[in-house]
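The values are calculated or read from the model by the stated rules, or taken from the named source; none is laboratory data. Keep in mind that what you see is a predicted model, and the values were worked out from it rather than measured. With ideal geometry, Cβ positions are generated from the backbone for all residues, glycine too; neighbour counts draw on all protein chains shown.
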Amino acid sequence: MQRTTWLAYGLFGAAAMLALLGLGVGSLGLEPIWVMLADPVAAQIVWDIRAPRTLGAWAAGALLGLAGAVAQGLFRNPLADPFLLGSASGASLAVALSLAALGVSPFAATWVIRLGLTGAAFVGAVAAVLLTLTLARGVQHTFRLLLAGVVVGMVLGALTSMVTIMVPEVLQAMQAFMLGSTGFVGWSAWSIMAVVGALCLVAAISLSKVLDGLSLGESTAQSLGLPLLPLRAALVAVIALATGTAVAQTGLIAFVGLAAPHLVRAVVKTTYSRLVGLSSLMGGLLLLSADLLARGLIAPQEIPVGVLTAILGGGYLLWLMHRRSS
Amino acid sequence: MKHAASPMALQAENLSVSLGQGRRLHPVLNHVDVAIHAGRWTSIVGPNGAGKSTLLRALAGLLPLQVGHVQLLGKDLATWSSRARAQTLAWLAQGGASDMGADDLLVRDVAMLGRLPHQGWLSPPSPKDLAVVEAALKKTHAWPWRDRPFGALSGGERQRVLLARLLAVQAEVLLMDEPLANLDPPHQADWIALVRDQVAEGGTVVSVLHEISMALLADDLIVMREGQVLYAGPAHQPEAHEAISAVFDHRLRIHSLGDRWVALPQ
């Protein structure tokens, strides 16, 4: 009990500190936030661009961390990733298609178009999850669900490649999306993520006993009187909603959903009612720090945050493999 | 005789179950009738693939039945609410100790899962839940590791935690699939004592066992082969021993040793 509480405070406190730091990091490097707020133009930049972006990175990371914890519990697989149900590839295909259909050049990617693309990505993510569910003929067979998710991911990924080959103009714009970036998150995007995040967290916590029960196997969960069919459908909906929302605002950001629950479990062993919350906080902290590094490392240039999380996450997984085998 | 008078805890009539899909659908249970007496310990024995675990799952209401029906305490299993059924009947999975799914839960959290049928949807464990879990973990001598991760335990230790999880349900009818797997001889003896306690308190225990000598300690035996029941009745009858010998192709002989029976390969 004490340890989980301390971890929660620690993760929250670290995120708050990094967020304050994040307000000061821009293309000119790090400037103390109080200096910037004294200058009206700089204050405008902080308020309109850096604040939503920083908070957005935290919210997107929290959504991915939450979806990761739920996916790992639902699939009873510690390597399950929230993108497994095909949501990521569905979102990419939808973005590629809308870019191709609108004939957008990357330089015309204004805010209005960005907002439209966000919606398309969300619709694509949810549609891909529904397709996975149809192929798996429902949610009652976890293995079939997993397999269908992989198939949907592959096929939609191939279709996305085809679209980009047929309409090469979209390639550059697609790249920003595929690499994942928090650079386009404004206040509206942040509010969407915050509201969806809060909803998903409440839903996940209220479904946490199912995740605990499932840890002993589906039959045992069933023998404990859990109505698995509707509850599993609800859990899939939480994963789809959380990932779809995060992907729609920030593109494909790898490994946060996978690593966040792992990092939490490395510190505390606890039930899902606490794990989902802690994993959200961990995911938020991870993406927030990755975003800071992405902006600060080679300023005024910016590294796409998805590239950074992939490198860091890959390294972490390698370390995990090494530790398990030794 | 107590046997004839005792009511039925579980009754299966004309039970047929096929597993697999499409063309690979094959019958596992073939028009099986069994009656499990309340307040007694029944053991199900038979060679691999005889349908023992499938029968147990069907009795637990965990399988869709093609034909036949199961009654729990005289009432059709399908008409029980899942919560009431889960409070009345608890089932222990085969090979649960080798399952990695719960590795990141603490031992006490695993045992607490047995209280799910009694808990409100969002309510935290009540003082009663905590007391029941403590008693269950103490019964299987797993209490000292309550704060250790389940994944850090050995196979036998995990099995004892899963047994505690089963006991924590406080169900009237306990179904256990190979509960002795991974247990060392002293803890096998503890398990027998635990079952006897359960039965003495009026509970019903059904166990699938591969350890024939242990199964022979039960009150009743169900001997199975190829999806059918060859013998069902008191364990001490000579017919029971003959049936066991027959289903194992007479490669097993039952000898008397003092006041009990042991099965030895021949």
*Would you be able to tell me the number of residues in the stretch B:97-110 that are part of a helix (DSSP H, G or I) and touching a Gly at 6+ places or on another chain (Cβ under 8 Å)?*
2
*Restricting attention to the stretch A:221-232, which residues are facing chain B (nearest Cβ under 9 Å) and at pLDDT below 90?*
A:PRO227
*asked:* Cβ-Cβ distance below 8 Å, separation of 6 or more or different chains: which pairs start in the stretch A:195-220 with a residue that is free of Cβ contacts under 8 Å to residues at least 24 places away in the same chain and facing chain B (nearest Cβ under 7 Å) and end on one that is in a helix (DSSP H, G or I) and among the small types (Gly, Ala, Ser)?
replied: A:GLY213/A:ALA221; A:LEU216/B:GLY96; A:THR220/A:GLY213; A:THR220/B:GLY96
*Quick one: would you say B:ASP33 is outside the structural domain of B:PRO179 (by TED's automatic domain parsing) and either closer than 29 Å to B:LEU216 by Cβ or out of contact with any helix residue (DSSP H, G or I) (no Cβ under 7 Å at 6 or more places or on another chain) (or both)?*
no
_Subset of the stretch A:289-326 (residues that are over 21 Å from A:PRO52 (Cβ atoms), part of a helix (DSSP H, G or I) and among the aliphatic types (A, V, I, L, M))_ = A:VAL307, A:ALA310, A:ILE311, A:LEU312, A:LEU317, A:LEU318, A:LEU320, A:MET321
_Let me confirm something: among B:LEU89, B:LEU130, which residue is out of contact with any Cys (no Cβ under 9 Å at 6 or more places or on another chain) and either within 12 Å of chain A (Cβ to nearest Cβ) or surrounded by 15 or more Cβ atoms within 10 Å (Cβ to Cβ) (or both)?_
B:LEU89
*Within the stretch A:176-184, can one find any residue that is among the aliphatic types (A, V, I, L, M) and buried (at least 22 other Cβ atoms within 10 Å of the Cβ)?*
no
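For the condition acidic (Asp, Glu), assigned by TED's automatic domain parsing to the domain that holds B:LEU59 and over 22 Å from B:SER6 (Cβ atoms), what is the one hit in B:GLU239, B:GLU201, B:GLU178, B:GLU157?
Only one candidate qualifies: B:GLU178.
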_Considering residues of the stretch B:59-80 that are in a strand (DSSP E or B) and closer than 13 Å to B:SER18 by Cα only, the residue modelled with the lowest pLDDT_ = B:VAL67
*May I ask you to verify whether B:LEU175 is within 18 Å of B:SER98 (Cα to Cα) and surrounded by 22 or more Cβ atoms within 10 Å (Cβ to Cβ)?*
no
*Looking at this structure, is B:ALA60 touching a Phe, Trp or Tyr at 6+ places or on another chain (Cβ under 6 Å) and either assigned by TED's automatic domain parsing to the domain that holds B:VAL161 or of a type outside the set (D, E, K, R) (or both)?*
yes
*Listed residues B:ALA102, B:ALA78; which is surrounded by 21 or more Cβ atoms within 10 Å (Cβ to Cβ) and either within 30 Å of B:VAL45 (Cβ to Cβ) or at the interface with another protein chain (Cβ under 8 Å from one of its Cβ atoms) (or both)?*
B:ALA102
_Considering only residues that are surrounded by fewer than 21 Cβ atoms within 10 Å (Cβ to Cβ), among the polar types (S, T, N, Q) and in contact (Cβ under 8 Å) with a residue 24 or more places away in the chain, which ones fall in the stretch B:29-69?_
B:ASN30, B:SER53, B:GLN66
*Which members of the stretch B:133-159 meet the condition of being more than 21 Å from A:SER208 (Cβ to Cβ) and either within 14 Å of chain A (Cβ to nearest Cβ) or of a type in the set (S, T, N, Q) (or both)?*
B:THR140, B:TRP145, B:ARG148, B:ALA152, B:LEU153, B:SER154, B:ARG158, B:GLN159
*Please state which of the following conditions B:HIS141 fails to meet, knowing it meets all the rest: (1) touching a helix residue (DSSP H, G or I) at 6+ places or on another chain (Cβ under 8 Å); (2) surrounded by fewer than 22 Cβ atoms within 10 Å (Cβ to Cβ); (3) in contact (Cβ under 8 Å) with a residue 40 or more places away in the chain; (4) within 27 Å of A:SER279 (Cα to Cα).*
(4)
_Can you pull out every residue in the stretch B:109-133 that is of a type in the set (D, E, K, R) and either in contact (Cβ under 8 Å) with a residue 12 or more places away in the chain or within 24 Å of A:VAL267 (Cβ to Cβ) (or both)?_
B:ASP109, B:ARG115, B:ASP129
*Options B:ALA102, B:ALA131, B:ALA164; residue that is under 26 Å from A:LEU74 (Cα atoms), modelled with pLDDT of 95 or more and of a type in the set (A, V, I, L, M, F, W, C)*: B:ALA164
*Scan B:LEU162, B:LEU122, B:LEU56, B:LEU113 and give me the residue that is among the hydrophobic types (A, V, I, L, M, F, W, C), more than 8 Å from chain A (Cβ to nearest Cβ) and either part of a helix (DSSP H, G or I) or more than 15 Å from the chain's Cα centre (by Cα) (or both).*
B:LEU56
*So which of B:SER256, B:SER207, B:SER245 ends up being at pLDDT 90 or above, out of contact with any helix residue (DSSP H, G or I) (no Cβ under 9 Å at 6 or more places or on another chain) and not aliphatic (A, V, I, L, M)?*
B:SER245
